[in-house]
Structure formats: C-alpha cells, structure tokens
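A short write-up of the structure that comes next.
The values are calculated or read from the model by the stated rules, or taken from the named source; none is laboratory data. Predicted model, so just to flag it, every value in this text is computed and none were measured. A quick note on method: Cβ atoms are made from the backbone with ideal geometry, for glycine too, and the neighbour counts reach across all protein chains shown.
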Amino acid sequence: MTHTLNILKNPNLNLTAIVDKNTENISKNLGEKSGNFSIATISAEQLSSINIYSDFADYLNAETPDACVIAVHTNLHYKLALQALEAGVHVFLEKPFCLEIPEGEHLIAVAKEKNLTLMIGHVVRFMPAYLTLKKWIDTEELGKLEFLSLSRFSGLPVWGQWKEKQKDFGSSGGALFDLVIHDIDYAQWVCGKPDHITAQCLPGKLSNYDYVTALWKYDLSNLVVKVEGGNIFHAVFPFQAAFTARFEHASVLFSGKDPDHIIVTTDTQNRMVPAGDAMEGFSCEIGYFASCLLNNRPPLICTPESALQTIQICNRHI
C-alpha cells in the first residue's frame with residue numbers, strides 16, 4: 001500500500017495494475033496500518049481504474065508495463081524479479097535483495113544482458129535524518145567520525161502473511177535480513193565494508209537470528225560501528241529506530257522518541273537540527289527510480305551490486 005500511494009502521487013508514473021495473490025486484501029487494507037507505520041488513506045475511487053490480478057505471470061502476459069515494484073516476502077524475490085526481467089520489465093525490488101548470493105548474481109546478469117534497470121529498495125538511504133548524518137560524515141564538518149551506533153527494533157510482525165512465516169521458519173531471513181539489514185546497508189554505504197565483525201545472534205519465532213548485536217572495526221582507522229536490532233519482542237511493541245554518533249567535535253543523537261529533531265551536542269551546548277519526515281524516504285526512492293528510467297541511466301544509489309554486498313555482510317553476522 002505504501003508503494004501504491006507513492007506511485008499514485010508521482011506525476012512521472014502511471015499505476016496500471018496491482019497483483020496480489022489474495023485480491024480481497026487490496027480493498028480490505030485501504031488506509032490501514034501497513035507494517036510498522038500508517039500511511040495516508042487511499043480511496044477505493046483512486047483504484048477504480050486499476051486492473052487487479054492474482055497471478056504475476058497472468059499480468060505480464062496480459063499487459064506490457066515499463067516497470068514493476070515487487071514487494072513480497074523474501075523467498076519470492078528471485079522468482080518474481082526473474083519473471084519480470086525476462087519479460088523485459090524494469091524492476092524495483094524491495095529489500096532484502098536475495099538470501100542466496102548466486103540468485104542475486106543471476107538477477108544482476110540478466111538485468112545487464114537485457115539492458116534493464118534493477119534497483120533494490122533500501123529506503124533508509126533516502127530518509128532525511130540519515131541523509132543529514134551522511135552529509136556530516138562526508139564533509140567532516142563536525143570532524144572525523146569516530147563512533148557510530150545504529151539500532152532498530154520492532155515487535156514480532158503478525159500482520160499480512162507474517163503469521164504464516166512462523167511456520168516456514170527462516171524463509172524470510174529473520175530480523176537480520178529483514179529489519180536490521182536497513183542499518184547494515186546504511187553503515188556499509190557511509191562507512192564502507194568492515195574488516196572485522198564481532199556479532200551475537202539470538203533466535204526468535206521467525207529465524208535463528210531475530211536479534212543481532214555487532215561491532216564493526218576497520219584496519220585503517222579507529223572507527224567503530226555498533227549495529228543492534230531485532231523483532232523478538234511482543235507483537236504490539238512499538239517500532240523504534242535510532243542512531244548516535246561521536247565525531248571529533250560533536251556528538252549527535254536521533255531517536256523515534258523525537259522523530260522531528262537530531263540533537264547535536266558539544267561540551268557546552270545542545271542544538272536541534274530538523275530531522276525531516278522519514279516517510280519522504282519512500283516517495284523519494286520511487287521518484288529516484290522513475291528518474292533513472294526517464295533519463296535512461298542506471299541507479300547510482302541502491303544498486304543491486306551494493307545490495308548484494310549488504311547480503312554478504314549480513315551473512316558475516318551469523
């Protein structure tokens with residue numbers, strides 16, 4: 001529903017169809033809480049001219065889309081992305097890319113062979129607060145980054161088909177690949193691939209790694225990155241994401257407890273920096289995907305190669 005809303009809002013995109021194996025979910029979930037957050041209401045009238053399919057192959061045979069957004073459970077990513085690419089369709093694929101490295105490599109090869117765009121939905125790279133932090137890291141306006149802590153927690157997901165995934169233990173990748181991956185991807189984007197990872201994982205109801213805590217270290221600097229998160233908590237536990245960072249000349253804090261501000265502190269003062277609206281990340285990523293298609297250029301952000309490296313780093317935590 002989040003992607004539907006942002007496609008409808010984007011003047012460069014035209015939504016032609018929605019595919020859901022349970023088509024009744026489409027009307028039932030209009031305006032409802034979607035995952036860890038609520039989205040603006042989508043009216044039935046807005047979808048009245050949109051074709052509805054229960055099978056992706058039937059849709060690809062019936063219509064000729066330029067692109068598709070694939071937002072399904074992890075174990076279907078490879079199959080559906082491959083179907084779309086082989087049909088000559090550009091693909092925006094939700095994270096995580098693929099749990100199996102050879103599957104990701106094959107999708108990259110097919111996209112290149114057919115000259116198609118394949119982009120992976122690591123939305124944190126587009127969220128304003130995290131973009132502000134990246135700017136500070138890149139410009140060193142607060143000095144060199146010395147320590148970065150990223151955290152992300154939620155209750156056990158039971159919406160949608162998540163209850164079924166408890167029976168299919170491990171198929172979603174668990175919190176490591178489905179939740180904590182946001183921060184693992186962001187950390188490798190802004191800090192680079194770590195030389196050393198010390199990690200501890202705990203099992204939950206979805207996988208053997210539904211809680212993760214890790215320290216990353218680098219041979220050529222004293223930088224330490226801490227990543228922590230999981231979904232081992234009870235279902236209505238409130239979603240929360242945060243980062244803290246120490247630079248040479250200041251420390252910064254962002255938390256879901258005050259989502260509107262980033263706190264920048266020195267030894268003598270605090271100042272509040274606007275954090276922006278995290279929901280903008282979803283509209284910005286789909287807008288960026290559209291701009292890549294319109295300008296016939298490959299994405300430089302959220303490339304499949306980078307997303308595959310994120311999967312490789314996730315595996316190093318197990």
Does at least one position in segment 105-123 carry a residue that is in contact with a Ser or Thr (Cβ under 9 Å, 6 or more places away or on another chain) and under 18 Å from Met1 (Cα atoms)? yes
Filter segment 109-135 for residues that are in contact with a strand residue (DSSP E or B) (Cβ under 7 Å, 6 or more places away or on another chain) and farther than 25 Å from Glu280 by Cα; the one that is surrounded by the most Cβ atoms within 10 Å (Cβ to Cβ) is Ala111
May I ask you to list the residues in segment 95-108 that are surrounded by 23 or more Cβ atoms within 10 Å (Cβ to Cβ) and of a type in the set (A, V, I, L, M, F, W, C)? Phe97, Cys98, Leu107
Given (1) assigned by TED's automatic domain parsing to the domain that holds Ser154; (2) closer than 30 Å to Leu116 by Cβ, where does Ser291 come up short, assuming only one miss? (1)
Can you spot a residue in segment 168-180 that is within 27 Å of Asn296 (Cβ to Cβ) and assigned by TED's automatic domain parsing to the domain that holds Phe243? no
On the basis of being in contact (Cβ under 8 Å) with a residue 60 or more places away in the chain and part of a loop (DSSP other than H, G, I, E, B), does Val124 make the cut? no
Residues that are in contact (Cβ under 8 Å) with a residue 12 or more places away in the chain and over 15 Å from the mean Cα position of the chain (by Cα): list the helices (runs of 4 or more DSSP H) wholly contained in segment 162-240 that include at least 1 such residues. 162-167, 181-191
Breaking point among (1) buried (at least 19 other Cβ atoms within 10 Å of the Cβ); (2) in a helix (DSSP H, G or I), for Leu150: (2)
Condition set assigned to a helix (DSSP H, G or I) and in contact with a Pro (Cβ under 9 Å, 6 or more places away or on another chain), scope segment 70-88, selection surrounded by the fewest Cβ atoms within 10 Å (Cβ to Cβ): answer is Thr74
Can you pull out the helices (runs of 4 or more DSSP H) entirely within segment 1-69 that have at least 2 residues that are farther than 18 Å from Ala81 by Cα and modelled with pLDDT of 85 or more? 2-9
Hey, does segment 142-153 have a residue that's in contact with a Gly (Cβ under 6 Å, 6 or more places away or on another chain), among the aromatic types (Phe, Trp, Tyr) and either in contact (Cβ under 8 Å) with a residue 24 or more places away in the chain or closer than 17 Å to Gln312 by Cβ (or both)? yes
Within the bounds of segment 157-179, is there any residue that is in contact with a strand residue (DSSP E or B) (Cβ under 9 Å, 6 or more places away or on another chain) and among the basic types (Lys, Arg)? no
Being over 27 Å from Arg316 (Cβ atoms) and under 20 Å from the mean Cα position of the chain (by Cα) is true for just one of Cys98, Cys68. Which residue is that? Cys68
It is to be established whether one or more residues within segment 137-144 are surrounded by fewer than 22 Cβ atoms within 10 Å (Cβ to Cβ), in a loop (DSSP other than H, G, I, E, B), at positive phi and in contact with a strand residue (DSSP E or B) (Cβ under 9 Å, 6 or more places away or on another chain). yes
